[in-house]
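Since the structure comes first, as C-alpha cells, the remarks are kept for the end.
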Amino acid sequence: MTQTQTAVEEPLTRPLTTLSEDEHMFRDSVREFAEGEIRKRVEEMDEQAHIDPELIKQCFELGLMGIETSEEFGGAGGSFFQAILAVEELSRVDASIGVLVDVQNTLVNNALGRWGAPQLKKKYLSQLAAEKVGAYALSEAGSGSDAFAMATRAVDGGDHFVINGRKLWITNGKEAEIFVLFANANPEAGYRGITAFVIEKSTEGFSVGKKENKLGIRASSTVELILEDCQVPKENVLGEAGKGYKISIETLNEGRIGIGAQMIGIAAGALESSLAYTAERQQFGKSINQFQGIQFQLAEMATELEAARLMVYNAARMKDAGINFVKEAAMAKLYSSRVAERVSSKAIELYGGYGYVKDYPVEKYWRDSKIGAIYEGTSNMQLQTIAKLIIGK
Ligand SMILES: Cc1cc2nc3c(=O)[nH]c(=O)nc-3n(C[C@H](O)[C@H](O)[C@H](O)COP(=O)(O)OP(=O)(O)OC[C@H]3O[C@@H](n4cnc5c(N)ncnc54)[C@H](O)[C@@H]3O)c2cc1C
C-alpha cells in the first residue's frame, strides 16, 4: 500500500479547497490586512522598490512571521497549510509582501524548527516570531541551479568557523537580521562538506552588498551578502556540519509549495481584477463581459487557477499529513508559476491599453509572476525532479 492510499483512509472529510473554521478565520484576517493596509501602499512600494517598514511591523503583530512556530517560542502554533494560505492571500494583493512572509516561514523558521539545536531554536525562533526578519542564503554568482558548487568556505577555527565568500540574490536581505547561510566547510568532501549556519547581521565580517533593481516583486529586497573573515560560533551551526546539503534540499522542497501559493495569489488577483474590469468596461454599447469571446477567456483563466490551487493545496495538506510530497511540490510550483504568468498576461489583454500602464494593477501582476519560474529551483529543475521521481532514477 502506498503512502497516499494510507492517507486517504484517514478521515479526510473535506474537499481540498474547503477550509476548516480555523483556516477560514485565519484567511479572512490575512485578507482584511492585505486589503486594508497593503493595497493602498502597493503602487508606491513597487515604484520605490521598498517595503514600508510599518507593514513588516504589522506582519509581526498579526503573527504572520511565525505561523508554524510553536507557542513556546512566541509563534502562532499553526499549520503549514495556514502559512500557504497567508502567502496566497498576501500575494493576491502584493507578491512582495507574499515572499517576505514566505521566506520567513517556509525557509528560515522551517530550517531552524527542524534542524536547530534546542538553544538555537529558543534564541532565534522567538526573535523571528516577534521582531526580526530572516533570510535564506544559498545561491551565489557562480552557483544557482548547481547550488552545491558554492564557493563560500567555512574554516574550522576551534570554537568557531571563519567564513569567506559572497552570496547573491538573497530575498529579504536588506531587512533581515538573521540569516540561514550555507558554506562548504570541507571542500574535499564535495557536497558533503556543505554546512548551514545561523548568522546575525551584526557579526563582524558580515555585510550586505548591492541591492538588485528588478523586473517584478520590486518592493522585495534582493541583495548580495559579503562575508570577509566572518567568525561564527560553532553553536550556530544548524544541524550537523556537513549536512547542509540535506537541510537545503529539504527546506526548499517545502519552500516550493510557498512559491506555488505566491503564484496562485498573483493569478487570483489578476483574475479578480479582470472580472471587475470586464464588467465595467463598455464597448459596442455593452459591458465587454457580455461578449462570448471575453467570457471564454475568463472561464479559461478561472479553470487554470482552480487546477493550480488544487495542486498547491494538495501538496501543502500532504506536507501537514506527513506524506512524501516532493513530486507534488515540484509539480505545484511548475504549474502554478505558468498559470500565474498566463493569467496575468491575459488580464493585460482584457484591459486593452489600460492593462499596459501603471495606473491599473495588472501589468504588475504579470511582472511579479515571472519570478515563479526562476527562484527556489527554475522550471527546468522542477521538471528534472519530477522526471527523476516518475522514471525512478
Ligand atoms: C528575485 C530573486 C530572488 C531570489 N531569492 C533567493 C534567496 O532568497 N536565496 C537564495 O539562495 N537564492 C535566491 N535566488 C536565486 C535563485 O534561486 C536562482 O537564481 C535560481 O536557482 C537559478 O539560478 P541561476 O540564476 O544561477 O541560473 P542558472 O542555474 O545559471 O540557470 C540558467 C538557465 O539554465 C537552466 N539550467 C541550468 N542547469 C540546467 C540543467 N541541468 N538542465 C536543464 N537546464 C538547466 C536553468 O533552468 C535556467 O533556465 C533568487 C533569485 C531571484 C532572481
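Mind ordering 36-48, 79-91, 376-388, 336-348 by average Cβ neighbours within 10 Å, highest first?
Details: 36-48: 15.5, 79-91: 27.8, 376-388: 17.6, 336-348: 25.3.
Most protected by this proxy first, the peptides run 79-91, 336-348, 376-388, 36-48.
Got a sec to turn the phi values of the stretch 175-184 into Karplus ³J(HN,Hα) couplings, 6.51 cos²θ - 1.76 cosθ + 1.60 with θ = phi - 60°, whole Hz, x for Gly and Pro?
Once θ is set to phi - 60°, the couplings for the stretch 175-184 become 8, 5, 10, 10, 10, 8, 10, 10, 9, 8 Hz.
Taking the Cα centre of the chain as the origin, how large is its charge dipole in debye, to the nearest 20, when only Lys and Arg (+1) and Asp and Glu (-1) carry charge on their Cβ atoms?
Rounded to the nearest 20 debye, it is 1000 debye.
Can you work out the Karplus-derived ³J(HN,Hα) for every residue in the stretch 159-174? Use 6.51 cos²θ - 1.76 cosθ + 1.60 with θ = phi - 60°, whole Hz, and x for glycine or proline.
8, 8, 10, 9, 10, 10, x, 9, 10, 10, 6, 8, 5, 6, x, 6
Taking 0.36 nm per intervening residue step and subtracting the Cα-Cα distance, what contour gain separates Leu215 from Gln290 on full extension? Write down the numbers at each step before the final one.
Working: separation 75, 0.36 × 75 = 27.00 nm, distance 3.42 nm.
Gain in length upon complete extension: 23.6 nm.
For Lys358, which aspartates and glutamates qualify as cross-link partners when the Cα separation must be under 15 Å and same-chain residues fewer than eight apart are set aside?
Result set, ordered by chain and number: Glu43, Glu44, Asp46, Glu47, Asp94, Glu349, Asp368.
Using a 1.4 angstrom probe on heavy atoms only, work out the carbon and sulfur share of the accessible area of the chain in %. Mind showing how you got there, number by number?
Details: 9090 of 17380 Å².
Roughly 52 percent of what the probe reaches on the chain is carbon or sulfur.
Might you tell me the accessible area per residue for the stretch 247-328, computed with a 1.4 Å probe and given in Å²? Could the numbers behind the result be given before it?
Working: 3310 Å² over 82 residues.
Here the per-residue accessible area is 40 Å².
If amide hydrogens are placed 1.01 Å from N in the peptide plane, which non-local residues have theirs closer than 5 Å to the one on Thr152?
Here Arg166, Asn184 satisfy the definition.
What accessible area per residue comes out for the stretch 117-245, rounded to a whole number of Å², with a 1.4 Å probe?
On the way: 5520 Å² over 129 residues.
Result: 43 Å² per residue.
Note down the relative contact order for the chain as a percent, whole number, built from C-alpha pairs under 8 angstrom at least six residues apart.
Values: 753 pairs, mean separation 63.2, N = 393.
Relative contact order, the chain: 16 percent.
In whole Å, how far is the Cα centre of the stretch 43-83 from that of the stretch 107-164?
Measuring centre to centre over Cα atoms gives 20 Å.
What net charge do the residues around Gly98 carry, taking every other residue with its C-beta under 9 Å from that of Gly98, with Lys and Arg at +1 and Asp and Glu at -1? Show your work: numbers first, answer last.
Numbers: positive: Arg92; negative: Glu88, Glu89, Asp94, Asp102, Asp368.
That works out to -4.
What is the distance, in nm, between label points placed 7 Å from the Cα along the Cα-to-Cβ direction at Val357 and at Glu72?
Going by the 7 Å Cα→Cβ label model, 5.7 nm.
Provide the gained length on full extension for the span Glu250 to Thr303, in nm with one decimal, where the gain is 0.36 nm per separating residue minus the Cα-Cα distance. Before the final figure, lay out each step's value.
Working: separation 53, 0.36 × 53 = 19.08 nm, distance 3.09 nm.
Using 0.36 nm per residue and subtracting the Cα-Cα distance, I get 16.0 nm.
Students often check this: by mean Cβ neighbours within 10 Å, which of 201-210, 183-192 ranks highest, and how do the rest follow? Spell out each step's value before the answer.
Working: 201-210: 13.9, 183-192: 16.5.
In decreasing order of mean packing, 201-210, 183-192 become 183-192, 201-210.
Given the rule -39500 (n - 2.57) for each run of at least 4 DSSP H residues, summed and divided by the residues of the chain, what is its mean residue ellipticity at 222 nm, to the nearest 500 deg cm²/dmol? Could you put the intermediate results ahead of the total?
Working: 13 runs with 181 residues, N = 393.
Mean residue ellipticity, 222 nm, calculated: -15000 deg cm²/dmol.
Run through the stretch 252-295 and list the chymotrypsin sites (Phe, Trp or Tyr not before Pro) located in a DSSP loop whose Cβ has at most 10 other Cβ atoms within 10 Å. Could you put the intermediate results ahead of the total?
Working: sites: Tyr277, Phe284, Phe291; in loops: Phe284, Phe291.
Passing both the DSSP loop test and the Cβ count: Phe284.
Please identify the trypsin sites (Lys or Arg not before Pro) of the stretch 254-286 that satisfy two criteria: DSSP loop assignment and at most 16 other Cβ atoms within 10 Å. Which are they? Mind showing how you got there, number by number?
Working: sites: Arg256, Arg281, Lys286; in loops: Arg281.
In loop regions of the stretch 254-286 (DSSP not H, G, I, E or B), the sparsely surrounded trypsin sites (Lys or Arg not before Pro) are Arg281.
Pick out, from Gly144, Asn186, Val162, the residue whose Cα sits farthest towards the positive end of the charge dipole of the stretch 126-201, with +1 on the Cβ of Lys and Arg and -1 on the Cβ of Asp and Glu.
Gly144
Taking a temperature of 4 °C and a viscosity of 1.567 mPa s, what whole-number D in µm²/s does Stokes-Einstein yield for the stretch 63-189 with Rh from Kirkwood over alpha carbon pairs?
Answer from the Stokes-Einstein relation: 83 µm²/s.
For the stretch 136-147, just list the computed ³J(HN,Hα) in residue order, Karplus coefficients 6.51, -1.76 and 1.60, θ = phi - 60°, integers in Hz, with x standing in for Gly and Pro.
Computed from phi, the couplings for the stretch 136-147 are 10, 10, 10, 5, 9, 4, x, 9, x, 4, 8, 4 Hz.
Cα-Cα over 30 Å: which of Lys286/Lys370; Lys123/Lys174; Lys132/Lys370?
Values: Lys286/Lys370 34 Å; Lys123/Lys174 21 Å; Lys132/Lys370 28 Å.
Long pairs (Cα-Cα over 30 Å): Lys286/Lys370.
Can you tell which of Ala267, Ala316, Ser336 lies farthest toward the positive end of the dipole of the stretch 262-354, using +1 and -1 charges on the Cβ of basic and acidic side chains (Lys, Arg; Asp, Glu)?
Towards the positive end, the residue furthest out is Ala316.
The values are calculated or read from the model by the stated rules, or taken from the named source; none is laboratory data. Predicted, not measured: the structure shown is a model, and the values here were computed from it. Please note: Cβ atoms are built from the backbone with ideal geometry, for glycine as well, and neighbour counts cover all protein chains shown. Just so you know, the surface numbers come from the protein's heavy atoms only, side chains and all, with ligands and any DNA or RNA stripped out. Shrake-Rupley method; radii C 1.70, N 1.55, O 1.52, S 1.80 Å.
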